[in-house]
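Asker: Below is one structure. I have some questions about it.
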Amino acid sequence: MPKILVMHDDSADAIWAIQVERKGATDEVVTWIVNKLEETGHGGDPVALKSDQEESIMAVKRAVAARRPVQTPLVESQVRVSKSNPVVERAIGKWRAQFRKLKIHLESEIKMRIEQHHPMVPWMVAWASEVLVKYKVRKNGRTAYEDLPGHRVRRKIAGFGEYV
């Protein structure tokens, strides 16, 4: 599996993911995170960034905090305790399941195995999270996108990899 950065918003239970070439604070990743915070209405809000204590993700958090115009507290979970943040662990599990569903469905449609370095994989990584944010209706009858400063997505969409 390629390297994937998964970001979770506790306030709206929203998940975003991006494939990265390498771990660490690349300009692409930092810009992506800052833009996601802007898109979701958190651009001017003090948002705490929580992660484990791996140096590469801590460098990403420091770079994001430096780029934001508001205070951005940096929080680390307990050392060597991946279960110390069960909400994020569940979010990653949801994303993985959605990614797997998309991949299996696409492979069955095109009758071909998609390897991890296939050009479709980065799109699939991001689309799996977009599906969860914009189209998965939760117990409260709303999508995560609706709970962010957005609205229900009303336009029709094609299935991933479908001819239009």
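The values are calculated or read from the model by the stated rules, or taken from the named source; none is laboratory data. These numbers come from a predicted model, not from an experiment. So basically every Cβ, Gly included, is an ideal-geometry build from the backbone, and we count neighbours across all protein chains shown. Ligands, DNA and RNA are stripped out before the accessible areas are found, and what is left, the full protein with its side chains, is counted by its heavy atoms. Shrake-Rupley method; radii C 1.70, N 1.55, O 1.52, S 1.80 Å.
Asker: For the chain, what is the accessible area per residue in Å² when the probe is 1.4 Å?
Answerer: Normalised by residue count, the accessible surface of the chain is 63 Å².
Asker: Can you bin every Cα-Cα distance in region 1-82 into 5 Å intervals starting at zero and give me the percent of pairs per bin, rounded to whole numbers?
Answerer: P(r) for region 1-82, in whole percents per bin: 3, 14, 27, 28, 19, 7, 1.
Asker: With +1 on the Cβ of every Lys and Arg and -1 on the Cβ of every Asp and Glu, and nothing else charged, how large is the dipole of region 1-160 about its Cα centre, in debye rounded to the nearest 20?
Answerer: Value, rounded to 20: 640 debye.
Asker: For a Förster distance of 35 Å, can you work out the FRET efficiency between the beta-carbons of GLN19 and ASN140, rounded to the nearest 0.05?
Answerer: Step by step, r from the Cβ atoms, then E = 0.70.
Asker: For region 6-160, what's the relative contact order in percent, using C-alpha pairs closer than 8 Å and at least 6 residues apart?
Answerer: Once normalised by length, the contact order is 27 percent.
Asker: Now, a different point. For region 11-39 and region 86-164, write down the distance between their C-alpha centroids in whole Å.
Answerer: 16 Å
Asker: Based on DSSP H runs of at least 4 residues, each adding -39500 (n - 2.57), what is the mean residue ellipticity at 222 nm of the chain after dividing by all its residues, to the nearest 500 deg cm²/dmol?
Answerer: Here the helix-only value at 222 nm equals -14000 deg cm²/dmol.
Asker: Report, ordered by chain and residue number, the aspartates and glutamates lying within cross-link reach of LYS111, taken as a straight Cα distance under 19 Å and ignoring same-chain residues fewer than 8 apart.
Answerer: Filter leaves GLU162.
Asker: Report the full-extension gain for the segment ILE110 to ARG96: residue separation times 0.36 nm, less the Cα-Cα distance, to one decimal in nm.
Answerer: Result for the pair: 2.9 nm of gain on full extension.
Asker: Taking 21 Å as the cut-off for C-alpha to C-alpha distance, list the pairs among LYS103/LYS134; LYS3/LYS156; LYS103/LYS139; LYS23/LYS61 that go past it.
Answerer: LYS3/LYS156; LYS103/LYS139
Asker: If you don't mind, there's one more thing I want to ask. Expressed as a fraction of 2.2 N^0.38 Å, the rule-of-thumb size for a compact globular protein of N residues, what is the C-alpha radius of gyration of the chain?
Answerer: Computed over Cα atoms of the chain, the ratio equals 1.08.
Asker: Where the accessible area of the chain is counted over protein heavy atoms with a 1.4 Å probe, how much of it, in %, is carbon and sulfur?
Answerer: Accessible surface attributable to carbon and sulfur in the chain totals 53 percent.
Asker: Here is a further query. So who's got an amide H within less than 5 Å of the one on VAL20, skipping anything under 5 residues away but keeping other chains? H placed 1.01 Å off N, in plane.
Answerer: For VAL20, whose amide H was placed from the backbone, the distant partners under 5 Å are LYS3, ILE4, LEU5.
Asker: Which value results for Rg/Rh of region 114-164 when Rg is the Cα radius of gyration and Rh the Kirkwood radius based on the inverse mean 1/r?
Answerer: Using Cα coordinates only, the ratio equals 1.06.
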